[in-house]
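The structure appears right after this line, and notes come after that.
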Amino acid sequence: MTAEEEVGKAKEGKKDRMEANSVNFHVSQCVKLKESELLALQSEGDVVIGGFFHLHYDAPEPQQNYNSKPHKIACSGFDLRAFRWMMTMVFAVEEINKSDLLPGVKLGYRIMDCCDNIHTALRAFSSLVSFSEVTAQFEPPTCFFDSPIPAIIGLASSSPSRAVAQTLGSFNIPLVSYFATCTCLSDKQTYPSFLRTVPSDFFQVKGLVQLVTFFDWFWVGTVGTTVRCFVLIFQNFSASLNKTNCKIVIFYRTTTVYMGSKLSQISSDHMCLRCNTLQIEFRVPPQTSLWLLLPRLAQRNVTGIQWIASESWVAATLLSQPHFHRLLQGTLGFSFPGVRIPGLKDFLLSVRPSPEPGMEFINMFWEEQFGCKLKFEGEVMKDNGTACTGLEDLSLTSSRYTDVSKVRISYNVYKAVFAIAHALHALLDCKTEGPFNTLLMFKQLLYHLKKVNFTNQFGERIYFNSNGEPAPLYEVVNWQKDSSGEIRFVKVGSYDSSAAPGQKLQVQQSSIIWTRGDSQVPTSQCSAPCPPGSRQATRPGEPLCCFDCLPCADGEISNQTGSTECIKCPEFFWSDPDKVKCVAGVEEFLSFTETMGIILVTLTLLGVILTIIITAIFHHFRTTPIVKANNSEISFLLLLSLKLCFLCSLLFIGQPSVWTCMFRQAAFGVSFVICLSCLLVKTIVVLLAFRANVPGPKSLRMFGPSQQRTLIFCTTAPQICLCTGWLLGSPPIPFRNPTFQASNGKIFVECKEPWPAGFYLVLGYIGLLAFVCLLLAFLGRKLPDTFNEAKFITFSMLIFIAVWISFIPAYVSSPGKFSVAVEIFAILASSFGLLLCIFVPKCYIILLHPERNIKKGMTGKFSN
């Protein structure tokens, strides 16, 4: 028989089987072409799209010896939910065929079971490709070439999807997944033809991190599998949590097969952590792995865990069975948006079993749904189980298959089918606008599929971004018990990754029921967050979320709960007593109104008044011998300079300004130099007068009034030049000194010396003059005279020098305004010393002993 005859015979055989099965199942037909082929649910059409669904969730690892042909793997654990997904694809194809989306073209399908396993998925893919090569029996439209399977919908898990997508990518055959969320599938270099109607885990991880931090959870445990996709999810999840100071407490990665051996360790660690009164959150693997984990945890009565679910199982009714309620009640997680698809439930209820070949999927479902065994005419029951009549009413049942009140994954399947249909519509129009108009149909369809952009009947815009993914949108779902004791998946929030920052996560916290039915948000932390005014100090060798609370140092604050660092206050600001806010520092200076200022001003005024009184006395008795003998002109100049010395101390009191800072040191330096110059002249005059052998010696005549004025000018001029250069070159300026801040938060306002040497040069020159005066006066202290002025000048210089020698260490060591007070005190003390030692003895004689104020009294030639 020729190849053409074989193909024709195959076509006739298929046509006969289609007619025979149409009465049993009006929508689709199961076929079994060869003994080696896998079961498939198929409907003929002008264009046939493929489909992969894991109707069974447990597939044993294949044991191949490579000596014989591989045996068919027998999967177990029928999944009613996955069967609903498969039938939703059938329903969507029928909806499209009834519409005007593909006029003149009938859409068909071929759906296979991949058992949620890489090996079975690749085997199903191989069977689908083999079927494609044999059954090309229709005349393709103008824009098509020669392949009846231009696109495939599937798979539910990421690992099988990666295996199939990598193979299909080489042929540019589109694979549109409805549930594979691994971020790795976004790599278009490795998976160029992969698209999906679900967002990748990249966005879900971001949302989960925001959810965890939203409730201030810092202890987070994870349980997962060794598959690469979960490892990538964990790494991303862990890295994101570390940025928020959260800590991964438990992390188990184990294969599904060996997860049971880890359950004791997981439970033991959990109980140990519970001893520390910690609430644990888990980021967990898909429901197939949980189906092995949860029974053991329930058996150990492990409760009180706040489960944080991924989208892979947050809406899995398989896990909402009554014996899991105590364990899983209050579960919170991300789910895909759900809708109610009109007509879907009626379609699902119309399914009926059939003895015809290829109806195995329908029959498996029927037996699983009703818990019985189908017995058709001529068949013998292999066991004594309950027999099915085939007339059972699906509308009277309540299961994961018939629960279509709000479908999510089924809706993703529905969107995938319509996306392919819209791409076919663009392709069948033969408007090949892209660069692929000369390529095979696969590549043309892939191009149009990536360009799909339409709004479906539910108002959702369907499109694929550059990575072949939809807009990242999730619902936050909470597991709550209803009045009948059943678990319901209640929407309590949403997460939109495309929203503005701060608006991505929306949670209705009051609508959430937590684990154990609590209404309060559970806590999950090693240490309570530190209150404002303190910071978290990590304990050595412990996780980041275990810390001690240390109060902020002076000048630092923390105004938020849980601060890890204290913030230093800006310059001239200080922390309040609670260390929660910065307050402006109080400017401190020697004020006229404070006690110390009042005392110093009083002493200054007293000195000025006393100087004025003495000046008045001297002026009144200026013709008397004692005034004349003491060189009245120099005495009046000395009194004037002493007034200036007293008054210059007022420049040091009050808030420093530019002018007071510039002139107070200069006024102080010049005034005291004039005083000392006058004393130097008086001392020289005394020495010359009393050491002369005869009256009116030539030396005394040579040191007359003009020479005295010249000496005063010559000794004062250097100080004036020094002060002028100092003020012109680097003058003192007002300065707010933050280093003076203390616990009371005061800031000293002072005059800063940009050139400190200027002040010490001025002070040093004054000291030089004082030392010269002291030396000359000391030489004339024992002159034989009734009134020896040199003796009083010596006393005054000793006081002056003692005061200023004591001033230097006191000035350097005094903080803030006290240093100013020390300098004022030194000025007043030295001024009073000069005034009292030089003029009070003379006033004593003038006022109380006028009999001594005569020329004879001055020379000591009279007796008392």
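No lab work stands behind these numbers, since they all come straight from the coordinates. Since we're looking at a predicted model, the values are computed, not measured. Note that each Cβ is placed from the backbone with ideal geometry, even for glycine, and that neighbours are counted across all protein chains shown.
A few notes on this one:
- Loop sites in the stretch 521-583: chymotrypsin sites (Phe, Trp or Tyr not before Pro), DSSP, at most 16 other Cβ within 10 Å: PHE572
- Inter-label distance, nm, simple model (7 Å from Cα along the C-beta direction), ALA471/ARG326: 4.5 nm
- Of the residues CYS714, CYS115, the one with the fewest other Cβ atoms within 10 Å heads the list, and the complete ranking is CYS714, CYS115.
- Whether the stretch 507-653 is rounded, prolate or oblate, judged on the alpha carbon gyration tensor where a/c under 1.5 counts as rounded: prolate
- Alpha-carbon centroid distance for the pair the stretch 55-124 / the stretch 390-406, whole angstrom: 21 Å
- Inter-probe distance in nm under a simple model that places probes 7 Å from Cα toward Cβ, at GLU61 and HIS620: 12.3 nm
- Using the average count of surrounding beta-carbon atoms within 10 Å as a protection proxy, the listed peptides 93-105, 599-611, 150-162, 826-838 rank, highest first, as 150-162, 826-838, 599-611, 93-105.
- Relative contact order [Cα under 8 Å, 6+ residues apart], the stretch 534-584, whole percent: 33 percent
- Largest-first principal axis extents, alpha carbons of the stretch 534-584, Å: 39, 16, 13
- Gain on full stretching of the segment that runs from ILE733 to SER99 - 0.36 nm per residue minus C-alpha separation: 219.3 nm
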